[in-house]
Amino acid sequence: MARKNRAPRREGADPVLVVGLGRFGSAVCESLVRQGVEVLAVDTDEGRVQKYADELTHTVRADGTDGEAMRQLGVQDLTRAVVAIGSDIESSVLTVITLSEAGVRTIYAKAITRKHGKILTSIGATHVIYPEFIMGQRVAHMVTGGLSDYLEFEDEFAIARCSAPEETWGRPLSESAVRTRHTITVVGVKRPGQAFTYAVPETVVHPGDELVLSGRIHDVERFTALAPRT
């Protein structure tokens, strides 16, 4: 099978270890490869390893909880890893411990509950990701808030994409003054059939335009509630 959508190898970029080739792990791997980053993908399931052998840089059948196996793969020489194991909490925890003890400096780990995440942080994970929780947030805001996309950060900050509210139509952003009135920043504007453009004070917003905006979660939610429902 031919490797698809692979970018040229990124010079100076260290390989990334990904443990677990389920839906989340394989998506991480494929995205890294498209960016030109070498990936060492590890899974205990031979079928998954073979499935992605032609798509990813390196795939190996191994147990991430096995310190000796990980040392033989040279993980002690890597600086970044993603532990993409979710449902098997014991394996997730033991893999993070193994990588931390091997000296991997930056470890991203998938968690399925807040308690799971706290455990991972306490044993060496530097970043904990909650894929299901994040996707649930996005869908909920898209359903109730007239948004087409939404991303929330831990420090009460959010980025959203929504249809332009009527109060912004036919005027430049400097005149509608959404930043002053709503305490949000319009980052970009997309007209139907056209690419996104960076927003400047002179940008005129028309009916049917989409806005990419950022700000505090409460302010973003309040502003996007004004967007026309689709």
Quiz prompt | Enumeration of residues in region 127-161 that are buried (at least 16 other Cβ atoms within 10 Å of the Cβ), in contact with a strand residue (DSSP E or B) (Cβ under 6 Å, 6 or more places away or on another chain) and assigned to a loop (DSSP other than H, G, I, E, B) | solution = 146
Practice problem: Could you please give the count of residues in region 194-213 that are closer than 19 Å to residue 150 by Cα and in contact with a helix residue (DSSP H, G or I) (Cβ under 7 Å, 6 or more places away or on another chain)? | Solution: 2
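For region 68-89, what are the residues that are more than 24 Å from the chain's Cα centre (by Cα) and open to solvent by 20 Å² or more (accessible area, probe 1.4 Å)? Let's see the steps before the verdict.
In the first step, residues of region 68-89 are kept if they are more than 24 Å from the chain's Cα centre (by Cα); the result is 68-74, 76-77.
Passing the criteria: 68, 69, 71, 72, 73, 76, 77.
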Self-check item: Evaluation of residue 21 against (1) open to solvent by 30 Å² or more (accessible area, probe 1.4 Å); (2) within 21 Å of residue 132 (Cβ to Cβ); (3) assigned to a loop (DSSP other than H, G, I, E, B); (4) in contact with a helix residue (DSSP H, G or I) (Cβ under 6 Å, 6 or more places away or on another chain) (one fails), failing number
Solution: (1)
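So is residue 178 in contact with a Ser or Thr (Cβ under 9 Å, 6 or more places away or on another chain), under 30 Å from residue 93 (Cβ atoms) and aliphatic (A, V, I, L, M) or not? Show your work before the answer.
Numbers: in contact with a Ser or Thr (Cβ under 9 Å, 6 or more places away or on another chain): yes; under 30 Å from residue 93 (Cβ atoms): no; aliphatic (A, V, I, L, M): yes.
In short, no.
Just one of 40, 78, 56, 73 is in contact with a Cys (Cβ under 8 Å, 6 or more places away or on another chain) and of a type outside the set (Ser, Thr, Tyr); which is it?
On the way: 40 fails: in contact with a Cys (Cβ under 8 Å, 6 or more places away or on another chain); 78 fails: in contact with a Cys (Cβ under 8 Å, 6 or more places away or on another chain); 73 fails: in contact with a Cys (Cβ under 8 Å, 6 or more places away or on another chain).
Exactly one of 40, 78, 56, 73 is in contact with a Cys (Cβ under 8 Å, 6 or more places away or on another chain) and of a type outside the set (Ser, Thr, Tyr), namely 56.
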Self-check item: Listing of strands (runs of 3 or more DSSP E) fully contained in region 33-91 that carry 2 or more residues being in contact with a strand residue (DSSP E or B) (Cβ under 7 Å, 6 or more places away or on another chain) and without any contact (Cβ under 8 Å) to a residue 40 or more places away in the chain
Solution: 39-43, 58-61
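What strands (runs of 3 or more DSSP E) completely inside region 163-221 contain at least 1 residues that are exposed (fewer than 14 other Cβ atoms within 10 Å of the Cβ) and touching a Gly at 6+ places or on another chain (Cβ under 6 Å)? Walk me through it before giving the result.
Details: elements: 184-190, 196-198, 210-216.
So the answer is 196-198.
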Exercise. Look at region 92-118 and say how many of its residues are over 17 Å from residue 20 (Cα atoms) and either open to solvent by 70 Å² or more (accessible area, probe 1.4 Å) or touching a residue at least 60 places away in the same chain (Cβ under 8 Å) (or both).
Key: 5
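The values are calculated or read from the model by the stated rules, or taken from the named source; none is laboratory data. Remember, predicted model here, so these are calculated numbers, not experimental data. Positions of Cβ are backbone-derived with ideal geometry, glycine not excepted, and every protein chain shown enters the neighbour counts. The protein model used for the area step is the full one, side chains on, heavy atoms only, and it has no ligands, DNA or RNA in it. Shrake-Rupley method; radii C 1.70, N 1.55, O 1.52, S 1.80 Å.
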